[in-house]
Amino acid sequence: WAVNNMLPVIPFIHNGFELGEKNPVNTGLNFTPEQIARLPSENLPLFSEGMLKWKTPDIICDWKAKVSAIRVKYLDLLSDPAHETVVPWHLGDEKTFVFERKNSSARLLVTANGDFKSAKHLEINHNELVPSLTDLFTSEPFVPISGKFKVELLPGQVRIFEIR
């Protein structure tokens, strides 16, 4: 959701995502025979009536709202499809996805850990190209240590920074 919102695309919301729905709509892809037995099609909304759980508390809803607020604040940049506004960074780890979005008025650094089992640690040089970083989820400025910004990404975590 966060990475998708940082790209020049229309963010897709599957029905129920905004409520933290955990039940699948169908079992078409990547389901084991045991899961399919537990989730027969007559109980899934693609094939029969289904109800969303409107009253289920979802701790990720606040995070989704923060991602959406970041997108709104930087919409001119994030909706710009020009290829030069998307700059991939190669930090040497195939499961770490890092790219910059930039134009004449803003620079964002999007970091994502594609490993859902292990944390990742990034080191970004503190120099004239990256003079400062501010975490857009917490509004906290990032402090360089020994000339580097040290970013920890928990399993599956996305962090978005403003570069100034």
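The values are calculated or read from the model by the stated rules, or taken from the named source; none is laboratory data. Everything quoted here is computed from the prediction, not taken from an experiment. When we count neighbours, we look across all protein chains shown, and the Cβ atoms used for this are built from the backbone with ideal geometry, even at glycine. Each accessible area value is taken on the protein alone, full model and side chains, heavy atoms only, with ligands, DNA and RNA left out. Shrake-Rupley method; radii C 1.70, N 1.55, O 1.52, S 1.80 Å.
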Please go through (1) over 14 Å from L153 (Cβ atoms); (2) in a strand (DSSP E or B); (3) out of contact with any Ser or Thr (no Cβ under 7 Å at 6 or more places or on another chain) for R101 and return the number of the only condition it doesn't satisfy.
(3)
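In this structure, does T85 turn out to be open to solvent by less than 50 Å² (accessible area, probe 1.4 Å) and modelled with pLDDT of 90 or more?
Yes: the conditions hold for T85.
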Listed by first then second residue, the pairs whose first member lies in region 2-17 and is farther than 22 Å from D76 by Cβ and open to solvent by less than 80 Å² (accessible area, probe 1.4 Å), whose partner is hydrophobic (A, V, I, L, M, F, W, C) and in a loop (DSSP other than H, G, I, E, B), with beta carbons under 9 Å and at least 6 positions apart or on separate chains, are G16/V25; G16/L52; F17/W1
Total residues in region 88-103, condition modelled with pLDDT of 95 or more and more than 16 Å from the chain's Cα centre (by Cα):
2
Starting from region 38-54, keep only residues that are under 11 Å from G16 (Cα atoms) and modelled with pLDDT under 80, then list their pairs with residues that are open to solvent by less than 50 Å² (accessible area, probe 1.4 Å) and among the hydrophobic types (A, V, I, L, M, F, W, C) whose Cβ atoms are within a distance under 6 Å, requiring at least 6 positions of separation or different chains.
L52/L19
Just need a number here: residues in region 147-164 that are closer than 23 Å to R71 by Cα, of a type in the set (D, E, K, R) and surrounded by 13 or more Cβ atoms within 10 Å (Cβ to Cβ).
2
Within region 117-126, is even one residue assigned to a strand (DSSP E or B), open to solvent by less than 20 Å² (accessible area, probe 1.4 Å), at pLDDT below 95 and over 21 Å from L7 (Cα atoms)?
yes
Hey, any hits in region 44-61 for a residue that's in a loop (DSSP other than H, G, I, E, B) and at positive phi?
no
Residue set D80, D76; condition surrounded by 15 or more Cβ atoms within 10 Å (Cβ to Cβ), under 17 Å from P11 (Cα atoms) and of a type in the set (D, E); output residue D80
When the residues of region 127-146 are filtered to those that are among the hydrophobic types (A, V, I, L, M, F, W, C) and in a loop (DSSP other than H, G, I, E, B), which remaining residue is least open to solvent (accessible area, probe 1.4 Å)?
V130
